[in-house]
Amino acid sequence: IMTYDGLESCILNNQSYDNESRTSRGDGCLTDSLDDDDSSCSSSKDAFGSFSSKWSTMKRVEHGSEDWGPSESPNHYHLKQKPAYAFRFLDVETMKERFSKLLLGEDITGGRLGVTTALALSNAITNLAASVFGELWKLEPLLEERKSRWQREMDWLLSPTNFMVELVPARQNAANGQTLEIMTPKARADIHMNLPALQKLDSMLIETLDSMVNTEFWYAEVGSRAEGRNKSTRESKRWWLPLAQVPASGLSDSGRKKMLSQCRVVYQVFKAAKSINENVLLEMPVPTIIKDVLPKSGKTSLGEELYKVLTAESISSGEMINFLNLKSEHSALEAINKLEAAVFTWKERISEQASGKSPCPNIMVLH
């Protein structure tokens, strides 16, 4: 798998709290808006700014750098320099329980209600993240027990990727000097590119939490809970959360710069993870069962209202949003689903026209 030490450098280069050219407020303090990063690295072609383009370029450059090597068994590859854990008997029993649920698709009865292995893995990782980070309400280092559990169980859940390989042609020199052409296993391309990047981003977030020591701010749980008892629910909807406290004079210049730097690092990590996620989703083929139930016409997928808005001769974006009445998350997701279905239909028609399967090779319009 590729080494992603350059990924951290790329993220850090996209933010620097020592940059004196940043805008400042009237009191001489740096502005704490993340919009500075957006304006400096935004691009009309890339929704995630210059970071994504830098990261994509870096992936292509580092493609030849690999830490994957053949294990003693030729059937799979393993990661080099994996941390060795001191397994306890309880850990082994927990691992057995985790893998038994994965093998049964979360249906421990052994019936036919189990989900696919991929979904079972996804659910297991989601549940693990919720149990480790779900109640992380303070900017402070993770407890060693939680950190060790996260790393240990993530290694368990990601171990199936060691066997997700593809065969590629290679040459091998025999003992008699003859050159043989053989097929050798290689890490699957998507895993080879994305998994180490996500692991690097994960380690950067853990390191950010570990750096939250000797800070100039602190938390007052008693005050936050008292606030919840004294004020109405409308005034304090999150009264149970610890309340951050700062000195009366505020954070020092160095403390403020450090916090802004860490904030921008986390923001860049978020953009990188989001970019990887969207790229993976774009590469995933649409299942046949989904294709069969989708309307064959883009107009039908959009519906009458959305179709009228998109085909209107002159309408502003604000008028479009008001007309669609996107007041709730549900209605917004419904509109997005319709657009995605229509885009898929149009792409399918374009590919059919390119391959000569469609009887109408003319330019496609919104229908």
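The values are calculated or read from the model by the stated rules, or taken from the named source; none is laboratory data. Note that this is a predicted model, so its numbers are computed, not measured. When we count neighbours, we look across all protein chains shown, and the Cβ atoms used for this are built from the backbone with ideal geometry, even at glycine.
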>> Being within 21 Å of Lys274 (Cα to Cα), touching a residue at least 60 places away in the same chain (Cβ under 8 Å) and of a type in the set (S, T, N, Q) is the filter here; which residues of segment 154-207 pass it?
In response: Asn194, Gln199
> What number goes with the only condition from (1) surrounded by fewer than 16 Cβ atoms within 10 Å (Cβ to Cβ); (2) assigned to a helix (DSSP H, G or I); (3) small (Gly, Ala, Ser) that Ala342 does not pass?
Replying inline: (1)
> Considering segment 298-313 alone, what residues qualify as being in a loop (DSSP other than H, G, I, E, B) and modelled with pLDDT of 85 or more?
Replying inline: Gly303
> Taking into account only those residues within segment 280-290 that are assigned to a helix (DSSP H, G or I) and touching a helix residue (DSSP H, G or I) at 6+ places or on another chain (Cβ under 8 Å), which is surrounded by the most Cβ atoms within 10 Å (Cβ to Cβ)?
Replying inline: Val280
>> Exactly one of these conditions fails for Leu119: (1) in a helix (DSSP H, G or I); (2) surrounded by 15 or more Cβ atoms within 10 Å (Cβ to Cβ). Give me its number.
In response: (2)
> Consider Ala174 against the criteria (1) at pLDDT 90 or above; (2) more than 25 Å from Leu121 (Cβ to Cβ): it satisfies all of them except one. Which criterion is unmet?
Replying inline: (1)
>> Among (1) in contact with a helix residue (DSSP H, G or I) (Cβ under 6 Å, 6 or more places away or on another chain); (2) in the same structural domain as Ser211 (by TED's automatic domain parsing), there is one condition Ala341 misses while meeting the rest; what is its number?
In response: (2)
> Only one of Ile350, Ile321 is aliphatic (A, V, I, L, M), modelled with pLDDT of 85 or more and either assigned to a helix (DSSP H, G or I) or surrounded by 16 or more Cβ atoms within 10 Å (Cβ to Cβ) (or both); which?
Replying inline: Ile350
> In segment 226-246, is there at least one residue being modelled with pLDDT of 90 or more, hydrophobic (A, V, I, L, M, F, W, C), buried (at least 16 other Cβ atoms within 10 Å of the Cβ) and out of contact with any Ser or Thr (no Cβ under 6 Å at 6 or more places or on another chain)?
Replying inline: no
